[in-house]
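Let me begin by presenting the structure, written as structure tokens, before commenting on it.
Every number in this text was worked out from the coordinates using simple rules, so none of it is lab data. Predicted, not measured: the structure shown is a model, and the values here were computed from it. Reconstructed Cβ throughout: ideal geometry from the backbone, glycine too, with neighbour counts over all protein chains shown.
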Amino acid sequence: MTDDIQTQVGIKQFRADGCLSYLVYDHHTREAMIIDPSLDLMTDYRAMIAQSGLKVKFALDTHLHCDHFSATHLFRSEYGSEVLMSALTKSTRPTRRFACDGSARDDVAFGGIRFRALASPGHTGDSIVLNGHGMLFSGDTLLIGKTGRVDFDGADPGEMWKSLGGVLSKIPGSTLVFPAHDTQDFLFSTIDAELKKNSEWRSLSQEEFIALKSQDRLVRPDSEASSRLQFNLDAAPLGTPWREPGNRHRPPGPGYEPMVTISMQKFAKKIRNPDPGALYIDVREREEFGGGHIPGARNIPASELGFHLKEFWRASRIYICWNVTAVRTLNHIGLPDVVHVEGGLRAWTNLGLEIEKST
């Protein structure tokens, strides 16, 4: 990832019931693309689009989803967005379909940002990934610590192995990985980290991979999954489907690792006498940070932490203000000295300390 991308590309990750979606935008032109949008999060998307003055040119689904109701049709009707999917999809939603033949027709460009769609069948026959600017939006092909499910009708573990070995393994190791699904409470990963830690990808032969994934039981879609599929097949579904209430943010699954923490009282002493090699990061959104923050803290929104990995690797220590997911993510990709600051602004002010505001 080139350094100028930090000033050009903005990204915001949204999470609902383990499903991840992304608003990617050009800081200068405000043109944007939404990736794998969920109907459950339309209020959140609308709020950010309005607050940031974004023009959403594209709404893209990396595959035909059965784990959430896709909102691409609302982006088309409300924002005039072009709906993008693979040419192999059975959905009638897309207004543009990727052949994934390696030509410029598979490029998505907005502002100064350009991604290329690559075919990655396996989880579904119409799965694609988006690659560009040191970022990979990997859909449900490559997840963090695992790979996508292949136990639904039409999935193929052999095709998944080819996608991983023939497509994703050729992408540079420093590339950031942003999946469409996560239940482990991570923000992102890198290709290098997954090649080292992902037991479903690293060093497995095709036969071993197929044997591993074939242990999954073939799942017939239940009534709720079937209704999601039918909804997502429709170009302009009417009404809002009824959904079981769920957690917007699931707790992490097995393997939740402990992290280094520091109290606000101890952190206050350190940031007021800072180590020149350390970084003191507040990962809230810019508007929240501007409304009040700890003096000396630097704002890098959680969704954009990956843009600063080169700098992070050079730091002697990184303090992350009250965001467990950010700390777990940086630990996962191998950064050696990341510390979670417990508490928040209230803990800071309870110590009798002042906050700063910025525009």
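Straight-line reach from LYS266: taking Cα to Cα under 24 Å and skipping same-chain neighbours fewer than 8 places apart, the lysines in range are LYS357.
Taking Cα atoms only, the orientation of helix 42-52 departs from the longest principal axis of the chain by about 50 degrees. In percent, how large is the relative contact order of segment 260-349, given Cα pairs closer than 8 Å and 6 or more residues apart? Reported as a whole number, the value is 38 percent.
Computed from Cα positions, the angle between helix 157-166 and the longest principal axis of the chain comes to roughly 60 degrees. Peptide packing: for 258-265, 277-284, 193-200, the average count of neighbouring Cβ atoms within 10 Å per residue gives the ranking 277-284, 193-200, 258-265, highest mean first. Residue order for PHE267, PHE137, fewest other beta carbons within 10 angstrom first, comes to PHE267, PHE137. With a cap of 10 neighbouring Cβ atoms within 10 Å, and only residues DSSP puts in a loop, list the trypsin sites (Lys or Arg not before Pro) found in segment 296-359. Passing sites in segment 296-359 are LYS357.
Packing-wise, with mean Cβ within 10 Å as the measure, how do 147-160, 12-25 rank, highest first? Write down the numbers at each step before the final one.
On the way: 147-160: 19.7, 12-25: 21.7.
Ranking, from highest mean packing down: 12-25, 147-160.
With all projection directions averaged, the alpha carbon convex hull of segment 260-349 covers 5.3 nm². What share of the DSSP beta bridges in the chain is antiparallel, in percent to the nearest 5? The antiparallel proportion sits near 50 percent. Over all Cα atoms in segment 1-115, the spread is summed up by Rg and Dmax: 13.8, 39 Å. Per the Debye calculation on the chain with a single equal scatterer at every Cα and no solvent contribution, log₁₀ I(q)/I(0) for q = 0.07, 0.08, 0.15 Å⁻¹ amounts to -0.31, -0.40, -1.37. Got the relative contact order for the chain handy, in percent, Cα pairs under 8 Å and 6 or more residues apart? Reported as a whole number, the value is 15 percent.
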